[in-house]
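Read through the structure below, which is laid out as structure tokens, and then see the notes.
The values are calculated or read from the model by the stated rules, or taken from the named source; none is laboratory data. Since we're looking at a predicted model, the values are computed, not measured. Cβ coordinates were reconstructed from backbone atoms using ideal geometry, including for glycine residues, and neighbour counts include every protein chain displayed. What goes into the accessible areas is simple: the full protein's heavy atoms, side chains included, and nothing from ligands, DNA or RNA. Shrake-Rupley method; radii C 1.70, N 1.55, O 1.52, S 1.80 Å.
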Amino acid sequence: MYFKDQNISQGSSQVAKNKVFLKEKFMLENMKFNRAYTHKIELLKLNNNCSSDVKEKEILEEFKKRYKKYREDWHNINNIILNNKNSNSLFQKPLCVDIETASICDLACPHCFREYIVTPDKIMKEGLYLKIMREVKELQVPSIKLNWRGEPLLNPAIDKFIKIAKENEVIDVSINTNATTLNEEKSLKILNSGLDQIIFSFDGGTKETYEKMRPGRFKKNTFNKIYENIKNFCLLKKKLKKVFPITKIQMVMTKNSRNEVKNFYDLFSDLIDDVVITQYQERGGNMDDILDEQKKKLNDYKDQNNLKELNHYIAKADGELLVSKERRTCDQIYQRLMVTYNGHVGMCCHDWGAKHCIGYLDKDGISSNDKDLKQVYDKTQLKQKGFELLKNIKMPEKFNKPSPTVSTLTQIWTGEELKKIRDKHVNDKINEIDICKNCTYKNSYHWKKI
């Protein structure tokens, strides 16, 4: 079994009982179907390297061991850095690299960072991707996510990129998608690519809420179409008897969707492996996405504590409110790197505007970044088609300017820019880092209930 029960409550009444999917257990027990493993076995046979049952079993155990180590390291990072302030030297490679295969998105969701920070409408070139993959294989990076700010299915080479990752022995490859373009042809390509997990973003348990929360930029986005896209993908996966990818769907809990939790589960629980509600967390806009009584409670808390501005908060599904108490060393700076469509490297996927650059993997990341941002900003000011909904966006600030030279992943991961960040985190100087000072990542705070 790959599930454990979890009660999802709304107020005082239980509205749904969800089964939480145990991904790590599933991955280990189905490693023989993992495309990274099967590709390696195929190469052995092709090269007449005496592939035998014993040899194949040894390789399978090696893949399982690597995956276990990756997950153990991921979960244990906070304990390691708490017990070793010179922890920078303990992590010689990232556990995950987030690769922005597409920064463009065809939706204008009101709760998305795209609504507040200019985001380029670009896709990653294959040459840069291949360069990243060569390093990923050399370092034996166990995990990659092939998206960041944009919609990866808008990159026409996304299925090819997934295959390349698996051929370079990346054990865990995932994408997040809004499923707007997930037709039968594209579904078939994704299902045959070797992808390990596909995460659908679908906000709302009804047509009214979904279409309010996920408006299209270039054409109308409809509940019925996206639901059918997701359903048909899952049915095709079943028809083809595919073990992978794991399917996951998530909804952000806002005041528009909090009464639709049961609807959401009813829509997807028989189709999707893992159905998840993501708690709403303040993202730099305003408090319009939470209930009026929650808003009042937060403002009362602010006044009672003589705060000039409200601390970061989390509004939970059961109505509970949490406010940030104090900072803690962030796990992200020891777990992953984030690479934009043009090779601009950031330390964290929560730095939406890539404001704190720590290096460059390609000369385009140095030369074209400002031009691409300005191009989008100018179109919003002119209210061009597809840009009129992005009325609140501002150009991202620049908090750090590393040396304008092209580096490798290893040089950036072990370099001075990231070391400076880690040193401030472990020495309780987080607020000296501009991008970290107002970060909304929940694991970089200690929280208290109000």
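Annotations
- Pair list, Cβ under 6 Å, 6 or more apart: region 208-224 residue over 14 Å from Asn256 (Cα atoms), other residue among the polar types (S, T, N, Q) and surrounded by 12 or more Cβ atoms within 10 Å (Cβ to Cβ): none
- Selected residue (criterion: farthest from Val136 (Cα to Cα)) from residues of region 337-393 that are of a type in the set (D, E, K, R) and within 18 Å of the chain's Cα centre (by Cα): Lys355
- Residues of region 120-143 that are within 17 Å of Ala102 (Cα to Cα) and either open to solvent by less than 10 Å² (accessible area, probe 1.4 Å) or of a type in the set (Asp, Glu) (or both): Pro120, Asp121, Met124, Glu126, Tyr129, Ile132, Met133.
- Filtered by the rule that a residue be under 23 Å from the mean Cα position of the chain (by Cα), of a type in the set (A, V, I, L, M) and not in a helix (DSSP H, G or I), region 235-281 gives Val243, Ile246, Ile249, Met251, Val252, Met253, Leu271, Ile272, Val275, Val276, Ile277.
- Here the condition is being within 30 Å of Arg214 (Cβ to Cβ) and of a type in the set (A, V, I, L, M, F, W, C); of Leu390, Leu418, it holds for Leu390 alone.
- Residue check for Lys241: modelled with pLDDT of 95 or more, among the basic types (Lys, Arg) and farther than 30 Å from Met27 by Cα: no
- Looking across region 159-172 at every residue that is open to solvent by 10 Å² or more (accessible area, probe 1.4 Å) and assigned to a helix (DSSP H, G or I), the one that is nearest to Tyr37 (Cα to Cα) is identified as Glu167.
- Number of residues in region 433-448 that are in contact with a helix residue (DSSP H, G or I) (Cβ under 6 Å, 6 or more places away or on another chain) and surrounded by 13 or more Cβ atoms within 10 Å (Cβ to Cβ) equals 2.
- Which listed residue, of Pro156, Pro152, is modelled with pLDDT of 95 or more, surrounded by fewer than 18 Cβ atoms within 10 Å (Cβ to Cβ) and within 29 Å of Asp203 (Cβ to Cβ): Pro156
- Residue list for region 193-222, restricted to those being over 22 Å from the mean Cα position of the chain (by Cα) and either open to solvent by 20 Å² or more (accessible area, probe 1.4 Å) or basic (Lys, Arg) (or both): Thr206, Lys207, Glu208, Glu211, Lys212, Phe218, Lys219, Lys220, Thr222
- Scanning region 238-270 for residues that are over 17 Å from Thr206 (Cβ atoms) and in contact with a Phe, Trp or Tyr (Cβ under 9 Å, 6 or more places away or on another chain), we see that the one that is most open to solvent (accessible area, probe 1.4 Å) is Lys242.
- Every residue from region 102-117 that is buried (at least 20 other Cβ atoms within 10 Å of the Cβ) and farther than 27 Å from Asp159 by Cβ: Ile117
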